[in-house]
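The values are calculated or read from the model by the stated rules, or taken from the named source; none is laboratory data. Worth saying up front: this structure is predicted, and the values here are computed from it rather than measured. Positions of Cβ are backbone-derived with ideal geometry, glycine not excepted, and every protein chain shown enters the neighbour counts. Quick note on the areas: whole protein, heavy atoms, side chains included, nothing else; ligands and nucleic acids left out. Shrake-Rupley method; radii C 1.70, N 1.55, O 1.52, S 1.80 Å.
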Amino acid sequence: FFLIQELLRVMRTIDDRIVHELNTTIPTASFVGKIDASQTCKELYQSLMDAHTSRERIIKNCIAQTSSVVKTLREEREKAQDDVALLKQLRKEQTKLKLMQSELNVEEVVNDRSWKVLS
């Protein structure tokens, strides 16, 4: 899970630097004729969309995989009620699943913030 969190942190760099990106994208009065602000804004918008889509896809894929593991472990646990190691593994995977699901909420907050700044 920590590797996924680190990957998401790196992938959220564009959102963390959105104000800087806007400041460097939109030209000042002296550069208005040299830079096409409309085109650079469209490119920034597309970069942001791509980043949000890929992060959401990664998070949902991890949730699906972990959910599958949890389901399998639950089925095994039904058969082996006395297996303490299996119970520990199930709890570990359930915790990981909850953390990944909370990343979806974090992602929503990050995305909303970026869109507000961009608009």
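How many residues does the stretch 1-40 hold that are open to solvent by 40 Å² or more (accessible area, probe 1.4 Å) and either aromatic (Phe, Trp, Tyr) or modelled with pLDDT under 75 (or both)? So the count comes out to 14.
Residues in the stretch 41-60 that are open to solvent by less than 50 Å² (accessible area, probe 1.4 Å), within 16 Å of Val19 (Cα to Cα) and basic (Lys, Arg): there are none.
Restricted to the stretch 61-86, and to residues there that are of a type in the set (A, V, I, L, M, F, W, C) and open to solvent by 50 Å² or more (accessible area, probe 1.4 Å), the residue that is nearest to the chain's Cα centre (by Cα) is Ala64.
Filtered by the rule that a residue be in a helix (DSSP H, G or I) and not hydrophobic (A, V, I, L, M, F, W, C), the stretch 76-90 gives Glu76, Arg77, Glu78, Lys79, Lys88, Gln89. Looking at the stretch 60-74, which of its residues are under 15 Å from Thr95 (Cα atoms) and touching a residue at least 40 places away in the same chain (Cβ under 8 Å)? Matches in the stretch 60-74: Cys62, Ile63.
Here Leu118, Leu87 are screened, and the one residue that is in contact (Cβ under 8 Å) with a residue 12 or more places away in the chain, over 19 Å from Phe2 (Cα atoms) and not polar (S, T, N, Q) is Leu118.
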